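Input: one structure, supplied below.
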Amino acid sequence: MTARAQILIRAVDETRAAFGSIQRNLGGLLDAARRVNGVLAGLGVALSAAGLAAMVRSALESADALNKLSQRVGITVEALSTLVPAAELSGVSAQTFETGLKKLATTMFEAATGSEESARRLKALGVEFKNQDGTLRATDAVLLDLADRFHAMPDGAQKSALAVQLFGKSGAELIPFLNQGREGIAALTGEMEALGVQIGGDTAAQAEVFNDSLAKLRLAATSLANRVIEAFLPAL
């Protein structure tokens, strides 16, 4: 057997497992997607194959992103999956909302670990950032407390400055969302739940695993291409 043939056989063997795993996962996903499309067809809203694939891909990416955001800001996937669209309905982009949540989580951590300035800002608003046992409260619980405070404050430069201090340089953009207060936000997230937008942590985690598998598949394909080049380029 020639050296080139050996290189190709080895490359195929190395990638076969990755391709097989993805094929099994993709098959299950496509079966589920077809069932969904069957339901939509019954409602007169059937999608083309390309449209169905795009819908599934978008849902996977959104769930994957929520799973990663949950780990960054200390809010459950279930809560984030309704809070993010609720913020968007208030005119706040998902990226701006994510940035604000990360800044709030940082502010809470700083307040809990000795930053007098961060602690003073929260305490001045009457917002607790620690549980009775000394652990940090959930970020979304603090967010809702702050929303009540912003709801009660008049709009103006002072409110905008406070939003920037708590939520970062784009904090003022969160004011339309915060101005709704706890009850208004609860109404919006309730609507999201009723629409079926909410997803569970397990689903989001599985989406992350699936997307990671797709990334590995692309790497495996690149590896195979590299081996082909390695085998035949000298002859060219």
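The values are calculated or read from the model by the stated rules, or taken from the named source; none is laboratory data. These figures come from a predicted structure and were not determined experimentally. Because the Cβ atoms are built from the backbone with ideal geometry, glycine has one as well, and the counts that use them run over all protein chains shown.
Is the stretch 159-178 home to any residue that is at pLDDT 90 or above, under 20 Å from S93 (Cα atoms) and touching a His at 6+ places or on another chain (Cβ under 9 Å)?
Yes, the stretch 159-178 contains at least one residue that is at pLDDT 90 or above, under 20 Å from S93 (Cα atoms) and touching a His at 6+ places or on another chain (Cβ under 9 Å).
Return a yes/no flag: does the stretch 102-109 have any residue that is on the phi > 0 side of the Ramachandran plot and within 14 Å of the chain's Cα centre (by Cα).
no
Using the structure shown, decide if F109 is closer than 21 Å to Q180 by Cβ, aromatic (F, W, Y) and assigned by TED's automatic domain parsing to the domain that holds E191.
In short, no.
Here is a follow-up. Scanning the stretch 131-170 for residues that are over 20 Å from V84 (Cα atoms), in contact with a helix residue (DSSP H, G or I) (Cβ under 6 Å, 6 or more places away or on another chain) and without any contact (Cβ under 8 Å) to a residue 40 or more places away in the chain, which turns out surrounded by the fewest Cβ atoms within 10 Å (Cβ to Cβ)?
My answer is S160.
Does the stretch 140-171 hold any residues that are small (G, A, S) and either in a helix (DSSP H, G or I) or more than 25 Å from V77 (Cα to Cα) (or both), and which are they? Reasoning before the result, please.
Narrowing the stretch 140-171 to residues small (G, A, S): 141, 147, 152, 156-157, 160-161, 163, 168, 170-171.
Answer for the stretch 140-171, where residues must be small (G, A, S) and either in a helix (DSSP H, G or I) or more than 25 Å from V77 (Cα to Cα) (or both): A141, A147, A152, G156, A157, S160, A161, A163, G171.
Hey, another quick one. Scan the stretch 106-124 residue by residue and report those that are touching a Leu at 6+ places or on another chain (Cβ under 8 Å) and more than 17 Å from G168 (Cα to Cα).
A112
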